[in-house]
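> Handing you this structure, nothing more for now.
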Amino acid sequence: MQKTGDAKNKMNIFDRLILLGACGFGLGRMPVAPGTFGTLAAIPLIWLMAWLDKGAMAFFLVGLILLSIYVADRAETLMGEKDPGSIVIDEIAGFCVTMTLVPLNWTTIILGFIAFRGFDILKPVPVKYFENKFSGGAGIVLDDIMAGVLAALVLKFLYICGLF
């Protein structure tokens with residue numbers, strides 16, 4: 001397989017858009033902590049989700065997850081390497097999942113960001129399982145979805161306890 005740099009001139013516009021989306025519009029190409037910076041790209045989507053009713057939000061999330069799997073899989077192929085760190089569409093989808101169970105405000109976004117990044121970096125057993133069980137786009141995305149589920153549950157627990 002060719003690396004992105006080698007094949008750059010041969011890529012069509014669709015492939016370039018795939019890479020742009022997969023890399024969080026450039027945030028995934030940060031020299032340090034690309035996943036952390038890439039997670040920030042989810043914030044506009046999270047604010048958009050706040051306007052949706054529960055059914056539309058569920059439909060949006062399922063669509064985002066499926067799109068993320070496709071885009072991550074295609075980007076991995078275009079880049080010619082397994083699970084490149086610059087692919088951050090998985091962090092975007094995972095952070096969107098994190099923010100589904102609590103009211104949206106800057107406190108919940110900051111706490112959700114910390115919880116999500118913690119689970120994504122530490123990869124406790126359920127997260128690690130999804131990372132190891134699947135390959136390609138599914139392997140890239142599903143561990144972040146599980147990290148998002150765990151972070152959402154932590155946020156909901158904190159919210160129920162009245163800690164914010």
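> For the stretch 129-151, give me each residue that is farther than 25 Å from GLY80 by Cβ and either surrounded by fewer than 20 Cβ atoms within 10 Å (Cβ to Cβ) or more than 10 Å from the chain's Cα centre (by Cα) (or both).
Matches in the stretch 129-151: TYR129, MET146, VAL149, LEU150, ALA151.
> If you don't mind, there's one more thing I want to ask. Within the stretch 106-116, is even one residue at pLDDT 95 or above, part of a loop (DSSP other than H, G, I, E, B), under 16 Å from the mean Cα position of the chain (by Cα) and crowded, with 19+ Cβ neighbours inside 10 Å?
no
> Given (1) closer than 23 Å to LEU19 by Cβ; (2) of a type in the set (A, V, I, L, M, F, W, C); (3) touching a residue at least 40 places away in the same chain (Cβ under 8 Å), identify the lone condition not met by PHE134.
So PHE134 meets the others, but not (3).
> Return only the number of the condition from (1) surrounded by 14 or more Cβ atoms within 10 Å (Cβ to Cβ); (2) touching a residue at least 40 places away in the same chain (Cβ under 8 Å) that PHE60 does not satisfy.
Among (1) surrounded by 14 or more Cβ atoms within 10 Å (Cβ to Cβ); (2) touching a residue at least 40 places away in the same chain (Cβ under 8 Å), PHE60 violates only (2).
> Can you name the number of the only condition in (1) more than 16 Å from VAL102 (Cα to Cα); (2) without any contact (Cβ under 8 Å) to a residue 24 or more places away in the chain; (3) among the aromatic types (Phe, Trp, Tyr) that TRP51 fails?
Among (1) more than 16 Å from VAL102 (Cα to Cα); (2) without any contact (Cβ under 8 Å) to a residue 24 or more places away in the chain; (3) among the aromatic types (Phe, Trp, Tyr), the lone unmet condition for TRP51 is (1).
> Now a separate question. Scanning the stretch 145-164 for residues that are part of a loop (DSSP other than H, G, I, E, B) and free of Cβ contacts under 8 Å to residues at least 12 places away in the same chain, which turns out farthest from LYS128 (Cα to Cα)?
Here the residue is GLY162.
The values are calculated or read from the model by the stated rules, or taken from the named source; none is laboratory data. Bear in mind that the values here come from a model prediction, so they are computed numbers and not experimental data. Please note: Cβ atoms are built from the backbone with ideal geometry, for glycine as well, and neighbour counts cover all protein chains shown.
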